[in-house]
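The values are calculated or read from the model by the stated rules, or taken from the named source; none is laboratory data. Source: prediction; values computed, not measured. Reconstructed Cβ throughout: ideal geometry from the backbone, glycine too, with neighbour counts over all protein chains shown. For accessibility, only protein heavy atoms count, side chains too; no ligands or nucleic acids. Shrake-Rupley method; radii C 1.70, N 1.55, O 1.52, S 1.80 Å.
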Amino acid sequence: MQEHYILSDGFKIPKVGFGTYQLNGYDGVRRIEQAISAGYRLLDSAVNYENEGAVGRAVKNSGVSRDELTVTSKLPGRYHGYQDAVNTIQESVLRTGLDYIDLYLIHWPNPIEDKYVEAWQALVDAQKAGLVRSIGVSNFLPEHIERLEKETGVLPVINQVELHPFFNQETQRAFDASKQIITQAWSPLGRASAVLKEQTIVDIAEKHKKSIAQVILRWQVQLGVLPIPKSSSIVRQEENLNLFDFSLSEEEMAAINQLMKQDGRRKGQDPAVYQEF
Ligand SMILES: NC(=O)c1ccc[n+]([C@@H]2O[C@H](COP(=O)([O-])OP(=O)(O)OC[C@H]3O[C@@H](n4cnc5c(N)ncnc54)[C@H](OP(=O)(O)O)[C@@H]3O)[C@@H](O)[C@H]2O)c1
């Protein structure tokens, strides 16, 4: 049912993952467990979502073997200093209650603060120590990734960026691909905003007898992107995973590509200037 990408470090990763932002506490555990039972094998968390504990508990409760699941967390901007980053990664692992985290990302580059190379060195060292399996980044522009490569010699395997039909990241995707980096899509459904009412996509969905969300997620998979839709409902969780029994034509792909808007970011968070701590 699920298909996979192979990361440049050799690990296999599902083509669709599960976003967990705003799924917290025992209710979060229940909904994340539901998602795992629906078939999700990649879970996206972050220190700043304050739900690494819920994700870890859902993994333990799920009965799915640990090596079939990819657990993700992210380092927040306030901990980019080397020793802070080392401590934070260790605390993430402890909070999950797992022995290791599969994929650890720097959440935002915060280029004005300019400590992301230090933070990256901490991820590289945590990987060597076996605390994290794969390492990557989020919201990194080409210039940030080039700097990591130049100063540490180590490239990320994933770059998780805002990506939906109104902001399709064509340039960033081409750059990531040139470095064998898989692009992940955050807010792949535009966090259920106007994109879910876009007439071009409504028409394509009707033709395929699929939902609008399924068409958007299928478009991302066909672009070679890895979307991580979040849903609290089991029905929509299953719907968002059910993408592998149809495909979009070249014309349909082109029509969705054309929905791109220069100011299409949901909240204008341009990683060149936006910082998050
Ligand atoms: N790296 C970063 O900086 C960053 C930033 C933002 C998010 N993220 C990650 O990306 C994940 C996904 O992004 P997101 O949560 O912002 O937004 P999203 O996945 O684009 O959209 C989630 C919203 O869409 C609704 N929804 C889900 N499936 C649907 C469907 N089939 N039909 C209609 N509505 C549907 C959900 O409602 P229900 O829950 O009611 O179904 C929820 O309101 C996050 O959870 C987080 O893990 C990362």
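Return the only residue of R78, R57 being open to solvent by 10 Å² or more (accessible area, probe 1.4 Å), out of contact with any Gly (no Cβ under 8 Å at 6 or more places or on another chain) and more than 21 Å from I181 (Cβ to Cβ). I'd like the intermediate steps shown before the answer.
Working: R57 fails: out of contact with any Gly (no Cβ under 8 Å at 6 or more places or on another chain).
Just a single option satisfies the conditions, and that option is R78.
Which condition from (1) over 30 Å from N24 (Cα atoms); (2) within 15 Å of the ligand (Cβ to nearest atom); (3) open to solvent by less than 50 Å² (accessible area, probe 1.4 Å) is the one that R173 breaks?
(2)
Got at least one residue in segment 212-226 being out of contact with any Lys or Arg (no Cβ under 8 Å at 6 or more places or on another chain), under 23 Å from L7 (Cα atoms), open to solvent by 40 Å² or more (accessible area, probe 1.4 Å) and away from the ligand (no atom under 15 Å from the Cβ)?
Looking through segment 212-226, at least one residue is out of contact with any Lys or Arg (no Cβ under 8 Å at 6 or more places or on another chain), under 23 Å from L7 (Cα atoms), open to solvent by 40 Å² or more (accessible area, probe 1.4 Å) and away from the ligand (no atom under 15 Å from the Cβ).
In segment 81-107, which residues are under 16 Å from F277 (Cβ atoms), outside any helix (DSSP H, G or I) and within 20 Å of the chain's Cα centre (by Cα)?
Once the filter is applied, which keeps residues that are under 16 Å from F277 (Cβ atoms), outside any helix (DSSP H, G or I) and within 20 Å of the chain's Cα centre (by Cα), segment 81-107 yields L105, I106, H107.
Taking segment 128-146 on its own, how many of its residues are open to solvent by 40 Å² or more (accessible area, probe 1.4 Å) and either part of a strand (DSSP E or B) or at pLDDT below 95 (or both)?
1
Do you know which of the residues in segment 150-203 that are hydroxyl-bearing (S, T, Y) and outside any strand (DSSP E or B) is farthest from I228 (Cα to Cα)? Before you say what the answer is, go through the steps one by one.
Narrowing segment 150-203 to residues hydroxyl-bearing (S, T, Y): 152, 171, 178, 183, 187, 193, 200.
Restricting the remaining residues to those that are outside any strand (DSSP E or B) gives 152, 171, 178, 187, 193, 200.
Details: T152: 28, T171: 20, S178: 22, S187: 8, S193: 16, T200: 22 Å.
Selected residue: T152.
Taking the criterion of being at positive phi and open to solvent by 10 Å² or more (accessible area, probe 1.4 Å), would at least one residue in segment 100-112 satisfy it?
Of the residues in segment 100-112, the ones at positive phi are 110.
Next cut, open to solvent by 10 Å² or more (accessible area, probe 1.4 Å) only: none.
Checked segment 100-112: no residue is at positive phi and open to solvent by 10 Å² or more (accessible area, probe 1.4 Å).
Could you give me the residue pairs with C-beta distances under 7 Å whose first residue belongs to segment 17-36 and is touching a residue at least 60 places away in the same chain (Cβ under 8 Å) and over 23 Å from T183 (Cβ atoms), whose second residue is outside any helix (DSSP H, G or I) and open to solvent by less than 10 Å² (accessible area, probe 1.4 Å) wherever it lies, and which are 6+ apart or on separate chains?
Matching pairs, first to second residue: L23/N51; R31/L23.
Could you grab the pairs with beta carbons closer than 9 Å, sequence gap of 6+ or different chains, first residue in segment 62-86 and under 15 Å from P14 (Cβ atoms), second one more than 16 Å from the ligand (Cβ to nearest atom) and assigned to a strand (DSSP E or B)?
Every condition considered, the pairs that remain are T70/K12; T70/R133.
Mind counting the residues in segment 19-35 that are near the ligand (Cβ under 8 Å from one of its atoms) and either surrounded by fewer than 21 Cβ atoms within 10 Å (Cβ to Cβ) or of a type in the set (F, W, Y) (or both)?
So the count comes out to 2.
Condition test on L259, is it open to solvent by less than 60 Å² (accessible area, probe 1.4 Å) and within 14 Å of the ligand (Cβ to nearest atom)? So that I can check it myself, show each step before the final result.
Numbers: open to solvent by less than 60 Å² (accessible area, probe 1.4 Å): yes; within 14 Å of the ligand (Cβ to nearest atom): no.
No.
Kindly indicate which of E52, E68 is touching a Lys or Arg at 6+ places or on another chain (Cβ under 8 Å), charged (D, E, K, R) and away from the ligand (no atom under 15 Å from the Cβ). Step through it out loud before you land on a result.
Values: E52 fails: away from the ligand (no atom under 15 Å from the Cβ).
Unique residue meeting the criteria: E68.
Would you mind finding the one in T152, T183, T88 that is surrounded by 20 or more Cβ atoms within 10 Å (Cβ to Cβ) and farther than 23 Å from Q269 by Cα? Quick ask: steps written out before the conclusion?
Values: T152 fails: surrounded by 20 or more Cβ atoms within 10 Å (Cβ to Cβ); T183 fails: farther than 23 Å from Q269 by Cα.
Only one candidate passes the filter, namely T88.
Please go through segment 237-246 and pick out each residue that is surrounded by fewer than 18 Cβ atoms within 10 Å (Cβ to Cβ) and touching a helix residue (DSSP H, G or I) at 6+ places or on another chain (Cβ under 7 Å). Explain how you work it out, then say what you get.
Just the residues of segment 237-246 that are surrounded by fewer than 18 Cβ atoms within 10 Å (Cβ to Cβ), to begin with: 238, 244-246.
The answer is E238, F246.
Check L94 against each of (1) open to solvent by 40 Å² or more (accessible area, probe 1.4 Å); (2) without any contact (Cβ under 8 Å) to a residue 40 or more places away in the chain; (3) within 15 Å of the ligand (Cβ to nearest atom) and name the one condition it does not meet.
(3)
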